[in-house]
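Undergrad: Provided herewith is a single structure, encoded as structure tokens, for subsequent inquiry.
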Amino acid sequence: MDNYITGATVRRLREEKGITQAQLAEQIGVSSKAVSKWETAKGLPDITLIEPLAKALGVSVMELMSGNTVINKNVSANMLRSKFYVCPVCGNIIRTTGDAVISCCGITLPPLEAEEADDAHGISIEKVEDEHFITVSHEMTKSHFISFITYVTSDRVQFVKFYPEGNAETRFRLRGRGYIYLYCNRHGLMKKKI
Ligand SMILES: [Fe+2]
């Protein structure tokens with residue numbers, strides 16, 4: 001765990017709630033001296049107190065732990081804001097529609113930043129009836145290959161996984177404007193507007 005409750009958060013939330021250290025202490029069954037110690041960074045609340053503490057302060061455990069007021073702004077998540085994470089150890093692929101802290105194999109993964117596809121990773125898009133036929137001419141060896149291609153539009157993500165020795169080509173149903181992303185295990189995430 002990287003973060004634990006900070007005294008400053010306890011103080012701020014307690015003051016916002018308009019209660020004294022003694023009142024908070026009474027609600028969760030500790031001494032007011034204990035609360036005072038937490039708030040002045042001379043001690044930390046035991047893990048078993050986190051839930052009652054959050055309840056007494058009128059916040060969620062997550063808000064208490066992060067020190068931030070949590071408001072769910074992701075209610076109309078747009079797939080075009082998708083972020084991709086790839087674990088360099090096991091190859092796990094994760095997509096989110098907003099900010100997240102993602103970890104895999106003990107590593108915190110950064111969201112991948114997509115570059116415009118370069119010549120070595122050219123994405124050819126051919127319209128065939130109601131589908132896009134996508135081809136990436138790129139080597140597909142075990143040490144260097146296209147791992148996935150995905151077609152992201154505002155309401156949908158179409159995703160295809162590739163393996164070495166295969167062909168990096170697929171078909172996607174036409175869904176309008178968006179992005180084609182490809183992921184090369186050596187060169188990372190690339191995109192092309194569609
Ligand atoms: Fe590559």
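Here, each number is a calculation from the coordinates, and none is a lab measurement. Quick caveat, the model's predicted, so the values are computed rather than measured. Positions of Cβ are generated from backbone atoms using ideal geometry, with glycine treated the same way; all protein chains shown enter the neighbour counts.
Undergrad: Against the definition (in a loop (DSSP other than H, G, I, E, B) and more than 19 Å from the chain's Cα centre (by Cα)), how does H132 come out, yes or no?
TA: no
Condition check ((1) within 30 Å of M62 (Cβ to Cβ); (2) surrounded by fewer than 18 Cβ atoms within 10 Å (Cβ to Cβ); (3) within 14 Å of the ligand (Cβ to nearest atom)) across all residues:
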position: C90; (1), (2), (3): yes, yes, no
position: I94; (1), (2), (3): yes, yes, no
position: R177; (1), (2), (3): no, yes, no
position: I180; (1), (2), (3): no, no, no
position: K192; (1), (2), (3): no, no, no
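Undergrad: If K33 satisfies every condition in (1) exposed (fewer than 14 other Cβ atoms within 10 Å of the Cβ); (2) of a type in the set (K, R); (3) closer than 30 Å to S154 by Cβ but one, which is the exception?
TA: All conditions pass for K33, except number (3).
Undergrad: Given the conditions (1) buried (at least 16 other Cβ atoms within 10 Å of the Cβ); (2) within 19 Å of P88 (Cα to Cα); (3) free of Cβ contacts under 8 Å to residues at least 40 places away in the same chain, which single one is not true for Y163?
TA: Among (1) buried (at least 16 other Cβ atoms within 10 Å of the Cβ); (2) within 19 Å of P88 (Cα to Cα); (3) free of Cβ contacts under 8 Å to residues at least 40 places away in the same chain, the lone unmet condition for Y163 is (1).
Undergrad: Do you know which of the residues in the range 101-142 that are within 16 Å of the ligand (Cβ to nearest atom) and without any contact (Cβ under 8 Å) to a residue 12 or more places away in the chain is surrounded by the most Cβ atoms within 10 Å (Cβ to Cβ)?
TA: My answer is E139.
Undergrad: Turning to a different aspect of this structure: Using the structure shown, decide if S66 is of a type in the set (S, T, Y) and surrounded by 13 or more Cβ atoms within 10 Å (Cβ to Cβ).
TA: Yes; evaluated as a whole, the condition is true for this residue.
Undergrad: Just one of (1) surrounded by fewer than 17 Cβ atoms within 10 Å (Cβ to Cβ); (2) part of a helix (DSSP H, G or I) trips up L44, so point out which.
TA: (2)
Undergrad: Restricting to the range 143-160, name every residue that is within 16 Å of the ligand (Cβ to nearest atom) and under 25 Å from the mean Cα position of the chain (by Cα). First the steps, then the outcome.
TA: Of the residues in the range 143-160, the ones within 16 Å of the ligand (Cβ to nearest atom) are 143-149.
Answer for the range 143-160, where residues must be within 16 Å of the ligand (Cβ to nearest atom) and under 25 Å from the mean Cα position of the chain (by Cα): F145, I146, S147, F148, I149.
Undergrad: Quick check: is even one residue across the range 77-84 among the hydrophobic types (A, V, I, L, M, F, W, C), loosely packed, with under 13 Cβ neighbours inside 10 Å, within 30 Å of S66 (Cβ to Cβ) and free of Cβ contacts under 8 Å to residues at least 40 places away in the same chain?
TA: No, the range 77-84 contains no residue that is among the hydrophobic types (A, V, I, L, M, F, W, C), loosely packed, with under 13 Cβ neighbours inside 10 Å, within 30 Å of S66 (Cβ to Cβ) and free of Cβ contacts under 8 Å to residues at least 40 places away in the same chain.
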